[in-house]
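The structure appears right after this line, and notes come after that.
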Amino acid sequence: MTAYEKAAYLKGLADGINFSEQKDCEKLLRAIIDAIGNLAEVIDDIDEDLNEISDQIDAVDTDLAELEDYVYDSDEWDDDCCCGDDDELYEIDCPACGEVITIDGDILDEGSMKCPACGELLEFDFDCDCDDCADED
């Protein structure tokens, strides 16, 4: 039962008792029942508005999910670029001592480092031929 229905029920009970408007206590009780009825109407209106807003938010959420799928799953975003990815790890063999060294994209971009095992200077001559890098030249 909604708040409005409960208020209407109270009003019906008060009408059934057949209050006379002459006693102050009865006037007060009638005013309270009317106020409860008004508040119940406002609550029902707010509840309807809230349901409508909730439906709109659900629709926006669905549209946003579709947009995210389009943007992030699009072929325009090429994750297979040959450029050094800062989060990706690469393994290289030191030509001097044969030690396998793991480096990340930042080190690859620097162009060189010393082998942690033997101290040999390792230089990375990394030429990229992807479209993104060709645009930077």
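Every number in this text was worked out from the coordinates using simple rules, so none of it is lab data. Only a predicted model underlies this, so the values are computations on that prediction, with no experimental measurement involved. Cβ placement follows ideal geometry from the backbone for every residue including glycine, while neighbour counts extend to all protein chains displayed.
Observations
- Measuring nothing but alpha carbons in region 3-72 and taking Rh as the Kirkwood radius, the Rg to Rh ratio lands at 1.45.
- If you take all other residues with their beta carbon under 14 Å from the beta carbon of residue 96, and give Lys and Arg +1 and Asp and Glu -1, the sum is -3.
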